[in-house]
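S.K.: Quick one: the structure is below, questions incoming.
Taken together, the values in this text are just the output of simple stated rules run on the coordinates, not laboratory data. Quantities reported herein were computed from a predicted structural model and do not represent experimental measurements. Positions of Cβ are backbone-derived with ideal geometry, glycine not excepted, and every protein chain shown enters the neighbour counts.
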Amino acid sequence: MALQNANENTLKAYLERNKLGKYNPEELAKREAEKKREQEAEEQAVKNIKLGDRCEVSVPGQPTRRAEVMFIGKTQFKPGWWVGVKYDEPMGKNDGSVNGVKYFECLPKYGGFIKPNYIKVGDFPTEDLGLDDEL
């Protein structure tokens, strides 16, 4: 009886009793609907992007950067749609590969993977901010 009493005082038991978090069917349904909306928005955004397109990348909390679209698709590193870009300047995180998988080719620190909703395709000429490494 003592073991059963101890189990009644756990966080899990509290959440189940009060139908909170993942134990609330309405909340689960709401989360699933939101996830589906995000996936649909990503798929719609991807339809407007083509390989070789010039684009501006506007991720919240980061400066706007110009780039060329080098990859569009799903990856092994995270679920959902991703757009691989080659930045005009060395402001990226990779060389077109993540965890040993090559998605596209570019110089180190020029590549990045962005969710499609942060990409704006258009006539964005190459900018030279003078950040190239001196050879």
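S.K.: Do you know the relative contact order of the chain, to the nearest whole percent, from alpha carbon pairs under 8 angstrom that are 6+ apart?
M.R.: This gives 20 percent for the chain.
S.K.: Could you tell me which of 121, 98, 10 has its Cα farthest along the dipole of the chain towards the positive end, charges placed at Cβ (Lys, Arg +1; Asp, Glu -1), taken about the Cα centre?
M.R.: Farthest towards the positive pole: 10.
S.K.: Let me ask another. Report the one residue of 79, 63, 112 whose Cα lies farthest in the direction of the positive end of the charge dipole of segment 11-122 (charges on C-beta: Lys and Arg +1, Asp and Glu -1; origin at the Cα centre).
M.R.: 79
S.K.: Would you mind checking which residues have amide H under 5 Å from residue 109's amide H? H placed 1.01 Å from N; only 5 or more apart, or other chain.
M.R.: Answer set, sorted by chain and number: 94, 95.
S.K.: Taking square-rooted eigenvalues a ≥ b ≥ c of the alpha carbon gyration tensor, is segment 1-72 rounded, prolate or oblate, where a/c under 1.5 means rounded and, failing that, a/b exceeding b/c means prolate?
M.R.: prolate
S.K.: Something else: Can you give me the three principal axis dimensions of segment 26-131 from its C-alpha atoms, in Å, biggest first?
M.R.: Ordered largest first, segment 26-131 gives principal extents of 53, 31, 25 Å.
S.K.: Continuing with the same structure: List, in order, the whole-Hz ³J(HN,Hα) value for each residue of segment 18-32 obtained from phi through the Karplus relation with A = 6.51, B = -1.76, C = 1.60 and θ = phi - 60°; use x for Gly and Pro.
M.R.: 9, 6, 10, x, 6, 9, 10, x, 5, 5, 4, 4, 5, 5, 4
S.K.: Fully extended, how many nm does the chain gain between residue 43 and residue 123 (0.36 nm per residue separation, minus their Cα-Cα distance)?
M.R.: So the extension gain works out to 26.6 nm.
S.K.: For segment 49-71 and segment 73-106, compute the distance between their C-alpha centroids and round to whole Å.
M.R.: Segment 49-71 and segment 73-106 have Cα centres separated by 12 Å.
S.K.: Also: Might you report the magnitude of the Cβ-based charge dipole of the chain about its Cα centre, with Lys and Arg at +1 and Asp and Glu at -1, to the nearest 20 debye?
M.R.: Computed charge dipole of the chain: roughly 780 debye.
S.K.: Quick one: if the Förster radius is 35 Å, what FRET efficiency do residue 20 and residue 62 give, using the C-beta to C-beta distance and rounding to 0.05?
M.R.: 0.50
S.K.: If you don't mind, there's one more thing I want to ask. Given H placed 1.01 Å from N in the peptide plane, which residues other than close sequence neighbours of residue 81 have an amide H under 5 Å from its amide H?
M.R.: The answer is none.
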